[in-house]
Amino acid sequence: MKNSIRNHNQHLLLGKFSMLNKNFKSSSVLLLLIMILIGQTINAQKAALVAKDKKFGYIYSSGDWLVEPTYDKAGSFSDNAAAVMKDKKWGYINAQGEIIIETTFDRAKAFDSGIAVVEKDKRWFYINKKGEEIEMPSSDKVFDFKEGMAFIKRGETIGLINANGDVILEPTYDKILAFKNNHAKVKKGDNWGLIDRSGKVVIDPIYQDLGVLSEGVIRAKKNESQGLLQNGTFTKIEGVLKIWDFREGQELTYANNMDKIVGFINRKGEWVIEPKYKKVKAFSNGLAPVSTDGKLWGYINEKGEMVIPEKYRDAEIFSKDGLAPVKVAKLWGFIDTSGTMIIEDKYTISTFNPFTMFSKGAEKGFTDGWARVGLKKKWGFIDTKGNLLKDTWFDRAEPFIEIK
């Protein structure tokens, strides 16, 4: 099946480029371009973890099986490998569904940068994709790698290592949080600072709180004052109780006043939409979900105008596909940016299963043309017109992950 999908994609590409052939003076240039794009098509697959009849497998975004339900438990793909369990032991498969590490471990975590953390005989350690144990700098606890970095702990302090086993940062801080936008919050005593991926201090740990650095701007709390920090300069925003992080590519974020009423500020710390809402969520596609009374939700534009009336029991942000999940009564449907209901409100949109390594914080709504939804305790994927992928429901389903 995988080969048939590849052949179909290759046929389409070749057909398109045969029409463009006369625009190229050099056939070698054309051939090179075709080979590059065919390679991208072959490699740019996506797979999702699904469960059926109490067994776990994986499907492509076409709905075809990568691995039919075979495993007792499993995790989503990460670094082109996925942890799978059979007969109470964990191992790993590759992006072709082949076993690359036999199921011999008591517990297994996701691969990152060619390294995973596993447990065997009550001992945690690192392995490579051959299943071989690898040595890393000494640490009182074995931490997962994430985006090529892992913590090391010695005594009460935390440092950083990379996937080559180099100590990037000797244990120095009381706490280091996960990297976001290539920066990590660090805590020393009661104060927070920021470091980059080389371990270099970007913001000295002198703040009572820090947010996520976004395009040079970060929220901060200094001497009980809330404000924004930019180019080393802290600007206090009067009358603010809390500020939320800016999202990449967005000019506005939300903040509340001392009465916990919420509005929106820009990256200069200026109020653009005055506080008047009980609850809000982030802007996306020029619209943000808001609730004036805390009970019903609608959407405003960046001028603060209510463009979709407050009539939903809950509402999520718009995806890049231009649709947003809204809860009309007990279940969810999807509206477009005009407020038109495009997909009937009959679904659930989030789930948690403690028996699998399901991802946390997965986006609710559409990603690359598909939304994970539930119906009558089953889970599947619908497209932006509401069509069910392969007309198939599963016991569980996780978001699609890119594989190669």
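Structural remarks
- Out of G339, G298, G333, sole residue that is touching a Ser or Thr at 6+ places or on another chain (Cβ under 8 Å), small (G, A, S) and over 30 Å from L210 (Cβ atoms): G298
- The one condition in (1) of a type in the set (F, W, Y); (2) surrounded by fewer than 17 Cβ atoms within 10 Å (Cβ to Cβ); (3) closer than 25 Å to D190 by Cα that W271 fails to fulfil: (3)
- Options D336, D293, D314, D259: the member that is modelled with pLDDT of 95 or more and either within 20 Å of R219 (Cβ to Cβ) or touching a His at 6+ places or on another chain (Cβ under 8 Å) (or both): D259
- Selected residue (only one of F125, F56, F77, F105 is within 25 Å of the chain's Cα centre (by Cα), under 24 Å from G165 (Cα atoms) and of a type in the set (F, W, Y)): F77
- Out of L169, L177, L213, L194, one residue alone is among the hydrophobic types (A, V, I, L, M, F, W, C), more than 21 Å from I243 (Cβ to Cβ) and in contact with a strand residue (DSSP E or B) (Cβ under 8 Å, 6 or more places away or on another chain). It is L169.
- Which numbered condition F318 misses (of (1) of a type in the set (F, W, Y); (2) surrounded by fewer than 18 Cβ atoms within 10 Å (Cβ to Cβ); (3) more than 28 Å from I203 (Cα to Cα)): (2)
- Annotation: of all residues in the range 202-218 being of a type in the set (V, I, T) and assigned to a strand (DSSP E or B), the one that is farthest from D174 (Cα to Cα) is V217.
- Wholly within the range 107-201, strands (runs of 3 or more DSSP E) carrying at least 2 residues that are at pLDDT 95 or above, polar (S, T, N, Q) and surrounded by fewer than 20 Cβ atoms within 10 Å (Cβ to Cβ): 157-162
- Residues that are part of a loop (DSSP other than H, G, I, E, B), of a type outside the set (A, V, I, L, M) and more than 25 Å from the chain's Cα centre (by Cα) were ranked within the range 269-301; the one that is nearest to F234 (Cα to Cα) is G269.
- Neighbours by Cβ (under 9 Å, 6+ apart or cross-chain): first from the range 389-404, touching a residue at least 60 places away in the same chain (Cβ under 8 Å); second acidic (D, E) and surrounded by fewer than 21 Cβ atoms within 10 Å (Cβ to Cβ): L389/D383; K390/D64; D395/D53; P399/E363; F400/D368
- Single residue of the range 202-228 satisfying the filter (touching a Lys or Arg at 6+ places or on another chain (Cβ under 7 Å) and exposed (fewer than 15 other Cβ atoms within 10 Å of the Cβ)) that is nearest to K268 (Cα to Cα): S225
- Counted residues, the range 321-353 - those being hydrophobic (A, V, I, L, M, F, W, C) and buried (at least 18 other Cβ atoms within 10 Å of the Cβ): 8
The values are calculated or read from the model by the stated rules, or taken from the named source; none is laboratory data. Here the structure is a predicted model, which is why all the values come from computation and not from measurement. Neighbour counts are summed over all protein chains in view; Cβ atoms, including those assigned to glycine, are modelled from backbone coordinates with ideal geometry.
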